[in-house]
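Here's the structure, in structure tokens; my notes come after.
What follows is calculated from the coordinates using simple rules that are stated; it is not laboratory data. The model shown is predicted, which means the values in this text are computed figures rather than measured ones. Please note: Cβ atoms are built from the backbone with ideal geometry, for glycine as well, and neighbour counts cover all protein chains shown.
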Amino acid sequence: MAAVATIWTIGHSTRPIDEFLCLLDEYRIETIVDVRRFPGSRKNPQYGNQALALTLAEHAIGYHWLEALGGRRGASADSLNTAWRNASFRGYADYMASPEFAQGLMQLLELASHARSAVMCAEAVWWRCHRSMIADALCVRGIAVVHILDARHEVIHPMTSPARIVRGRLSYATP
């Protein structure tokens, strides 16, 4: 696997599909890695996995759904990730310790080693999405992460405030 220097993230939100495609073109994205656990959208059917895969293919952009990186994970009653006050983020932090998450992250890195890749979810802003936590995991591994906001605005990922590095590993435990 070739070294990966940068991975982008994007939230499709309620953007018209043409605007979404323009953003991908602007940032020269070659592959979308869908990290929605349930990759459908009743309100925005253009972002359902089948419709989106077809649209992206028409624009020579790859599409890969990685359920292993999908959000909506329940928090354990005995969670150690208490730096997250939000139960959804705490649940995802618990899931990040699983072999399934580790395998999903390796799949993402493999995809990104072959094509300029963006991790995609539905939430418009990265700080309200589990993309922020995937970005933390990537940054710990030395991968730069850039969050696409719009055609003129991007953010280089700062580690989330609950994140700490303990003996070289990501931790969301309360210090």
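Below is a table of values for the structure above.
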{"read-out": "Exclusive hit being surrounded by 15 or more Cβ atoms within 10 Å (Cβ to Cβ), farther than 23 Å from P162 by Cβ, in contact (Cβ under 8 Å) with a residue 60 or more places away in the chain and in contact with a helix residue (DSSP H, G or I) (Cβ under 9 Å, 6 or more places away or on another chain), set A51, A118, A93", "value": "A118"}
{"read-out": "Wholly enclosed strands (runs of 3 or more DSSP E) of region 102-175 bearing at least 1 residues over 11 Å from the mean Cα position of the chain (by Cα)", "value": "144-150, 153-156, 164-166, 169-171"}
{"read-out": "Residue under evaluation D25, criteria (1) farther than 22 Å from V155 by Cβ; (2) of a type outside the set (A, V, I, L, M); (3) without any contact (Cβ under 8 Å) to a residue 40 or more places away in the chain, criterion not met", "value": "(1)"}
{"read-out": "In region 45-77, the residues that are aliphatic (A, V, I, L, M), under 24 Å from L109 (Cβ atoms) and assigned to a helix (DSSP H, G or I)", "value": "L52, A53, L56, A57, A68, L69"}
{"read-out": "Residue check for R85: under 26 Å from R141 (Cα atoms), outside any helix (DSSP H, G or I) and free of Cβ contacts under 8 Å to residues at least 12 places away in the same chain", "value": "yes"}
{"read-out": "Region 45-59: number of residues that are under 15 Å from D25 (Cα atoms) and among the aromatic types (F, W, Y)", "value": "0"}
{"read-out": "Identity of the residue in region 69-90, charged (D, E, K, R) and loosely packed, with under 14 Cβ neighbours inside 10 Å, that ends up nearest to S161 (Cα to Cα)", "value": "R85"}
{"read-out": "Members of region 25-48 that are under 15 Å from the mean Cα position of the chain (by Cα) and surrounded by 15 or more Cβ atoms within 10 Å (Cβ to Cβ)", "value": "I29, T31, I32, V33, D34, V35, R36, R37, P39"}
